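Input: a single structure, listed below in structure tokens.
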Amino acid sequence: MKDKFFDPFLLKNKWSTPPALDCGPNEEYDECGSACPPECGNPNTDSCGKGCVIGCGCKLGFLRNSNWQCVAPSDCNP
């Protein structure tokens, strides 16, 4: 007999709210963020698939740097 696996965090209904996440500076919680977020070395990710990623993502206008922090494009290392 197979073991049944139940994860309450995967259960969602119209009354559920997202888990409280402590997003970093210049980040915000997103229930359908990009699987390929814009990065300093690759700011144009239009060709990425349409999959959703739940969690913290950079606010509009910010990019992920090599330390995975959200920074202004002018703060990206060359």
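What follows is calculated from the coordinates using simple rules that are stated; it is not laboratory data. Here the structure is a predicted model, which means the values were calculated and not measured. Cβ: placed from backbone, ideal geometry, glycine included. Neighbour counts: every protein chain shown.
How large is the dipole of segment 21-73 about the Cα centre if only Lys and Arg carry +1 and Asp and Glu carry -1, each at its Cβ, rounded to the nearest 20 debye? Intermediate results must be reported in sequence, preceding the final value.
Numbers: 3 positive and 7 negative charges, 30 e Å.
The calculated dipole for segment 21-73 is roughly 140 debye.
Assuming a ≥ b ≥ c are the square roots of the Cα gyration tensor eigenvalues, decide whether segment 21-73 counts as rounded (a/c under 1.5), prolate (otherwise, with a/b larger than b/c) or oblate. Show your work: numbers first, answer last.
Numbers: a/c = 2.03, a/b = 1.03, b/c = 1.96.
Here segment 21-73 falls in the oblate category.
Could you sort 32-38, 46-52 so that the peptide with the highest average Cβ count within 10 Å comes first and the rest follow in order? Provide the component values of the computation, followed by the final result.
Working: 32-38: 15.6, 46-52: 9.0.
Ranking, from highest mean packing down: 32-38, 46-52.
Counting only other residues whose beta carbon sits under 14 Å from that of GLY41, what net charge do I get with K and R as +1, D and E as -1? Can you show the working numbers first?
Values: positive: ARG64; negative: GLU39, ASP75.
With Lys, Arg at +1 and Asp, Glu at -1, the neighbours total -1.
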